[in-house]
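The values are calculated or read from the model by the stated rules, or taken from the named source; none is laboratory data. The shown structure was predicted, so the numbers you read here are calculated from the model rather than taken from an experiment. Please note that ligands, DNA and RNA were not included when accessible areas were found on the heavy atoms of the full protein model with its side chains. Shrake-Rupley method; radii C 1.70, N 1.55, O 1.52, S 1.80 Å.
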Amino acid sequence: MSKGQILVVDDEMAQREILRTILSAEGYRVETAGNAAEAVEKSTRTHFDLVLTDLRMPGEDGLSLVRQLTREDPPTLVILMTAYGSMDSADQAVKLGAFDYLTKPLERDELLLIVNRALEQTRLIQENRLLRQQIEERFRDEGIVSSHYRMQEVFDKIHKVSSSTSTVLILGESGTGKELIARAIHRHSPRKDRPFVAVSCAAIPETLIESELFGHERGAFTGASARQVGLFEAADKGTLFLDEIGELNVNMQAKVLRALQEREIRRVGGREDLKVDVRIIAATNKDLEVEVRGGTFREDLYYRLNVVTIQLPPLRDRSTDIPQLAEHFVAKACAEAGRPALGITTEAMRRLVQYHWPGNIRQLEAVLQRAVVLSDGKKIDYADLPVEVRFSSLPGREPSPEEAAAASGGPVRFLLPAQGINLEEVERDFIVQAMEMAGGVIAKAAKLLGLSYRTLQYRLEKFQIRREAGEASAPPEDEGGEPPPTARQ
């Protein structure tokens, strides 16, 4: 079985055949082209999983091919092959959308490593695209965006429980989308044409919660100048969503339990019981079993609610959903703001994916709404993101004092200079810090920064950091590094 289909583009036949031999031996299906025009013609007939192209070719060069192939829908991943002396062009290719670049003469192990990484990303993109289409077809009306396997289990439960009248308990951290799930259950149920009434039990003072839920008669208490219908009555024949039910005091828990058991309520100040036909969906970010053991939540109400339980994972446990969630929220925010659709740069998306999102989906949406407002370009860049998202996403190390101060809202030194942000200076400072932490070993610093060895090596040359940081030489191969390209020229 083929591991993927690759197109090799090079004007030198010997180079094409060497690459065909290496890649075919690894189980890839390989086609070749001698120039950019032939490559484009072949790509119109076959969608390749990956294209490896030389930079310097007669006619159109590799940069032109990168531009064309990355505009396709879906875009094709491209790896550029170039001589070490053409680093500026390689950097430009990455900015245009190339996945990575290799310097000639090529090394087999490095070639296979980068090809495998690129094809893994292609596979994930294809899987996400297919799953996204399926999800959009099934839940587009609910605004739920996910292709994660744990959310697939949630969707299966929604379908199974929607047609019943069973009480549902939705568990999850704040901001994970509990109300969206409750609305999805209602919309797929026989009650979809009846009211869906939502209330946050944490948002209503204890002195008012009974009146809010069950209503009151005129004169029941000071200020009760007229009869008020409660939310149980308002949701009759429909669904009542009790969010943050763990915040109810024990006295109110007893009254809610009676309403569930007897399917009747009594208004505050009233003398008659009123029959209600309400399906209850409850939600909480608390561990109710712990609350029961601690005596703060009634055991009988817990078991009455816990007929069907749906557990929502936090966003940090389904980070593969972040790209499509981000695109969804940006499109939504642009539409609401009446501005043209914005894209998201690769670097901004990387930082969104790596952030831990303590506020979950709600926080992600708020961050992207803010970014849409602040962005001056056609794409949201990482500079449009809050400091805590930008600086906590650098993998493999503790934040510097400057970054910690920025994330906590304290004084900021080099990160946010008074005259504004200079992105090149910020990038250079990150690299200097990483090199210091890695003891001058490029391979270790590249791992800290989430960059390939060659990408970091180019940036060190660009910013002249190796000389200024006092690095004597590139790391030896037994330290996890590679010989510099100049050593192979």
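Of note:
- Per-residue SASA entry for residue 308, accessible area with 1.4 Å probe, Å² rounded to 10: 40
- Over the Cα atoms of the stretch 241-375, the radius of gyration divided by the Kirkwood radius equals 1.15; this is the Rg/Rh ratio.
- Taking all protein chains as they are arranged and a probe of 1.4 Å, the heavy atoms of residue 355 leave approximately 20 Å² accessible to solvent.
- Among 186, 328, the sequence by solvent-accessible area, most first, with a 1.4 Å probe is 328, 186.
- Rolling a 1.4 Å probe across all protein chains gives residue 319 an accessible area of roughly 40 Å².
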